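Worksheet for the structure shown next.
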Amino acid sequence: MKPIQKHKRRFVYAIAAIIILAIASAILYRSFLRGSHNANLSRLPRRAQPGPTSAADQQMLQGKFGTDVPADERQNVLAELGSPDSPLPDQTRQAQSPPRPGQQQIVITQPLGTTVEETRPTLTWDALIDGWSYRVVIVDRDSHQTVATSPVLDEALWQVPNPLLRGHTYVWRVEGTPSGARAKTSPVSSPTAQFSVLSDEGEREVQNLRAGHPSHLLLGSFYSRYGMWREAVIEYRQLVDEIPDSPEAAKLLRNAETRSNAQLTTSLPR
């Protein structure tokens with residue numbers, strides 16, 4: 001009898017083990033399905049949900065300013081909303097004419113008619129020139145002193161090696177020199193462009209503003225006030241994402257994009 005009971009016990013244990021494994025497999029499978037479903041949902045585009053900050057921005061755009069908004073920032077926002085749509089800067093209009101047949105042209109792309117926060121900005125340009133070398137010259141607009149000259153470059157960008165002075169405006173140009181088979185071709189120079197470096201006061205202000213976790217509206221307003229158009233576009237795009245039905249937010253973005261992308265109208269024909 002004992003061998004029979006022993007086999008019975010083994011049989012019961014085996015059945016119990018099978019049941020436990022089946023339950024565990026079912027639980028794991030359900031967890032896997034739930035995780036896959038959540039992952040698929042996370043890939044779906046979601047419309048930005050209005051939060052406390054976006055609600056406050058909406059009120060500010062409608063002229064209902066809260067007590068935590070500084071008076072000067074209120075005036076900046078109101079001034080932007082009351083201004084007409086920004087036209088293209090004159091400098092860009094003048095550079096829109098295409099090059100004459102047989103004439104090489106260098107077109108400055110960044111920075112162009114804007115303010116930069118970095119004291120060592122990266123300068124870029126575009127050209128219908130292959131296999132040429134370049135040299136960048138930067139001049140202080142007020143003192144007319146040459147403050148930086150690049151070495152000979154074989155690519156269309158250059159970062160200023162030494163810090164420029166805050167609060168100063170600079171004029172720069174790119175000189176192109178032919179090489180190789182084009183050595184007999186005359187050198188060319190780009191039209192001059194200018195940019196400003198954010199002042200010490202502006203740098204302190206933006207650092208203090210960022211430390212307070214400002215809304216996209218307030219930060220975009222600051223960048224617009226100082227002519228930092230690319231940064232303003234980034235903030236105003238996020239503002240429009242949060243408040244998609246606000247015509248005021250759309251206008252702020254439109255104006256900033258017009259100023260930021262103005263240099264694109266000078267692109268060379270392909």
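The values are calculated or read from the model by the stated rules, or taken from the named source; none is laboratory data. Being a predicted model, the structure only gives us computed values, none of them experimental. Please note: Cβ atoms are built from the backbone with ideal geometry, for glycine as well, and neighbour counts cover all protein chains shown. For the accessible areas, the whole protein counts, side chains as well, though only heavy atoms, and no ligand, DNA or RNA atoms are used. Shrake-Rupley method; radii C 1.70, N 1.55, O 1.52, S 1.80 Å.
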Checklist outcome for this item: For region 119-159, the per residue accessible area (1.4 Å probe, Å²) is 54
Item to check | Burial ranking of peptide ranges 237-249, 151-163, 205-217 (average Cβ count within 10 Å, highest at the top) | outcome: 237-249, 205-217, 151-163
Checklist entry - Relative contact order for region 108-243 using alpha-carbon pairs under 8 Å, separation at least 6, rounded to a whole percent? => result 26
Checklist entry - Tell me, what does the Kirkwood hydrodynamic radius of region 175-252 come to in angstroms if you use every pair of distinct C-alpha atoms? => result 15.6
